[in-house]
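Readers should treat all values here as calculations from the given coordinates under stated rules, not as data from a laboratory. Note that the coordinates shown come from a computational prediction; the quantities given were computed from them, not determined experimentally. Backbone-built Cβ (ideal geometry, glycine too); neighbour counts: all protein chains shown.
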Amino acid sequence: MEYISHSEAETEAIGERLAAALSPGAVVAYRGGLGMGKTAFTRGLARGLGCRGRVTSPTFTIVNEYEGAIPLFHFDMYRLNGSEDLFDIGWEDYLSRGGVCAVEWSEQVADALPEDAVTVTLSRHPDHDGWRIITVEGGSAS
Ligand SMILES: Nc1ncnc2c1ncn2[C@@H]1O[C@H](COP(=O)(O)OP(=O)(O)OP(=O)(O)O)[C@@H](O)[C@H]1O
Ligand SMILES: [Mg+2]
C-alpha cells in the first residue's frame, strides 16, 4: 500500500489506520532517514492501539513502553551497533509480551526482525519538502 502524506497530522492518521490492522505481537519496522516522520507515524499507531501517554522519541532510552488495549513498545535503533545489542535489552521478551513493537532504524537490526514484520518506508516527496511517500508492506495478513 502506498500513501502520500501532506502533513505530520496526515502521517499520524496513516499510522492510526495501520494500528487497526495489527495484532498483538506484530512488529512494525521503519525504514527512512532523519526527520521522515517515523516518530509521528508511531504517535498515530499509539492512538489507534488505545495507548496512553505522549509518544516521544526513544533515541536516548532505546525503548519506550506505552500501556493500552494493545501495548506499544517503541524502539529507536539509531545508536545501536547491531542486533546483538537488541537481544541484550530483551528483544525476545518484548516480542512475546503481546504488544506491538515499532522499530525506528530497523535497518540496524535487520537480522533480528521476524519474517512477517510490517515494513513502513517513509521518504520525502520530490515535489514538496513537507510531503512524504509512505509505503506499508508485509505483515501476516498479506
Ligand atoms: N508529511 C509529514 N509527515 C511527517 N512529518 C513531517 C511531514 N512534513 C513535515 N514533517 C516534519 O518532519 C519531522 C518528523 O519528525 P519525526 O521525529 O517524526 O521523524 P523521525 O523519522 O522519527 O526522525 P528521527 O530519525 O530523527 O527519529 C517533524 O518535525 C515534522 O513536523
Ligand atoms: Mg524518530
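Given the chain, what percent of its DSSP beta bridges are antiparallel, to the nearest 5? Of those bridges, close to 55 percent are antiparallel. In plain terms, the chain from Ala20 to Ile133 could stretch by 38.6 nm, reckoned as 0.36 nm per residue minus the Cα-Cα distance.
Rounded to the nearest 500, the 222 nm mean residue ellipticity of the chain from helices alone is -7000 deg cm²/dmol, with -39,500 (n - 2.57) taken per DSSP H run of at least 4 residues. Our analysis of the stretch 2-137 gives Rg over Rh at 0.94, with the two radii drawn from alpha carbon positions and Rh computed by the Kirkwood formula.
The ranking of Leu113, Leu34 from fewest to most other beta carbons within 10 Å of each one's beta carbon is Leu34, Leu113. Just going by the charge dipole of the stretch 29-122, with Lys and Arg at +1 and Asp and Glu at -1 on Cβ, which of Ala102, Gly35, Thr119 is farthest out on the positive end? My answer, from the dipole projection, is Gly35.
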